[in-house]
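No value in this document is a laboratory result; all are computed from the given coordinates. All values reported here derive from a predicted model rather than from experimental measurement. Here the Cβ is made from the backbone with ideal geometry for all residues, glycine too, and neighbour counts use every protein chain on show.
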Amino acid sequence: MRSIVDEMQYLMDAAHQQGLPLRLIGGLAIRFHSPTAQQHRGGLHRDYPDIDLVVPKKDKRRLDAFFSSIGYQPEKTFNLLNGDRRQIFFDPESGRRIDVFVGDFEMCHKLPMRDRFDKHPLTVPLAELFLSKIQIVDLNRKDALDIISLLLDNDVTFNDDSGINVDRITRLCLKDWGLYKTLTITLSKVENVLINENPGLDDDSVQVVLGRIDTIRRMLDRVNKPVLWQLRDRVGTRLRWYTEVEEVNR
């Protein structure tokens, strides 16, 4: 059986050959952009049980035929009920699962993906990779390690070509107070992991990650907030600001 990294490459090569614009998101996508996470003995290395993808909404009808062509089967009941926004496929031999988000990425918060599929040939852009992890309300250790890996190996910049686009992050947070709130809470959790549960990083690496967290915070603090955003900020966490996500088990 192929390793999950080899399976991911096989899957993406097949999608490219068939002209299906699938893009990686989640842990394996972060691994691709983070050499530190690829080190088998490093503190940021972790296992990847599933492959997470995003596909443009206009291509969702092609998913069944594509996954069938490479030996995967659909999770029929789940796909019937949720197919407009998310579909699941699995390998009947290994049990390996493919989770495909349709159109936008929607979990605790919604990340709009329109016009973002052509930024990179294999993964969603770094800003969306960062946000796909930072939007998790109940952050676990592996997700914290993913965020740390991404911030350690990729600079915070103002465009998609050279790093994690803080301008994109800021614009999405100005449109969604809830995303902003979860981001600030999650960044504090990541800082706590770095400072109190250091996953084997040297002092210089810790300072690099903390510095990039500080850059994102400062950029969010500097921008003028819309009136509706300010009104929602006054209400704060007295009202739930995120969507509760149920785990999908086969």
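How much of the DSSP beta bridge set in the range 1-123 is antiparallel, as a percent to the nearest 5? Provide the component values of the computation, followed by the final result.
Values: 12 of 19 bridges.
Just about 65 percent of them are antiparallel.
Test of understanding: what is the full-extension gain from ASN140 to THR215, defined as 0.36 nm times their sequence separation minus their Cα-Cα distance?
Values: separation 75, 0.36 × 75 = 27.00 nm, distance 2.34 nm.
So the extension gain works out to 24.7 nm.
Positive end of the charge dipole of the range 4-238 (Lys, Arg +1 and Asp, Glu -1 on Cβ, about the Cα centre): tell me which of GLY26, PHE78, THR123 has its Cα farthest that way.
PHE78
In nanometres, what is the gap between the two model label sites at HIS45 and VAL245, each 7 Å from Cα along Cα-to-Cβ?
Modelled inter-label distance: 2.6 nm.
Take every DSSP beta bridge whose two residues both sit in the chain, then give the antiparallel share in percent to the nearest 5. Show your work: numbers first, answer last.
Values: 12 of 21 bridges.
The answer is about 55 percent antiparallel.
With springs connecting C-alpha atoms under 10 Å apart, model the chain as a Gaussian network and identify which of MET12, MET219, MET113 has the largest mean-square fluctuation.
MET219
Can you give the charge dipole size of the chain about its Cα centre, rounded to the nearest 20 debye, using +1 on the beta carbon of Lys and Arg and -1 on the beta carbon of Asp and Glu? Let's see the in-between values first.
Working: 37 positive and 38 negative charges, 202 e Å.
So the dipole magnitude of the chain works out to roughly 960 debye.
Which value in deg cm²/dmol, rounded to the nearest 500, describes the helix-derived mean residue ellipticity at 222 nm for the chain, given -39,500 (n - 2.57) per DSSP H run of n ≥ 4 and division by the residue count? Walk me through the numbers on the way to the answer.
Numbers: 10 runs with 116 residues, N = 250.
Mean residue ellipticity, 222 nm, calculated: -14500 deg cm²/dmol.
Taking the alpha-carbon set of the range 102-250, what are its Rg and Dmax in Å?
15.4, 45
Anything in the chain that counts as a DSSP H helix reaching 24 Å or more along its axis (C-alpha) with Kyte-Doolittle mean of at least 0.0? List them, would you?
Values: long enough: 177-196 (28 Å, 0.44); 203-222 (28 Å, -0.32).
Long hydrophobic helices here: 177-196.
Check VAL156: other-chain or 5+ apart residues with amide H under 5 Å from its amide H, H built from backbone geometry?
ILE164
So if each residue of separation counts as 0.36 nm, and I subtract the Cα-Cα distance between ARG238 and ASP6, what length gain in nm does that give? Show your work: numbers first, answer last.
Numbers: separation 232, 0.36 × 232 = 83.52 nm, distance 4.56 nm.
Result for the pair: 79.0 nm of gain on full extension.
State which entries of LYS76/LYS181; LYS58/LYS225; LYS119/LYS175 exceed 32 angstrom in Cα-Cα distance in the structure shown.
Working: LYS76/LYS181 35 Å; LYS58/LYS225 34 Å; LYS119/LYS175 22 Å.
Where the Cα-Cα span goes over 32 Å, the pairs concerned are LYS76/LYS181; LYS58/LYS225.
May I ask you to order 235-244, 189-198 by the average number of other C-beta atoms within 10 Å around their residues, highest value first?
Values: 235-244: 11.4, 189-198: 14.5.
Output ranking for 235-244, 189-198: 189-198, 235-244.
For the chain, evaluate the Debye formula with one uniform point scatterer on each Cα (no solvent term) and list log10 I(q)/I(0) at q = 0.09, 0.10, 0.14, 0.18 Å⁻¹, rounded to two decimals.
-0.40, -0.50, -0.98, -1.50
Calculate the length of the line joining the C-alpha centroid of the range 145-187 to that of the range 36-91, in whole Å.
Their Cα centres are 24 Å away from one another.
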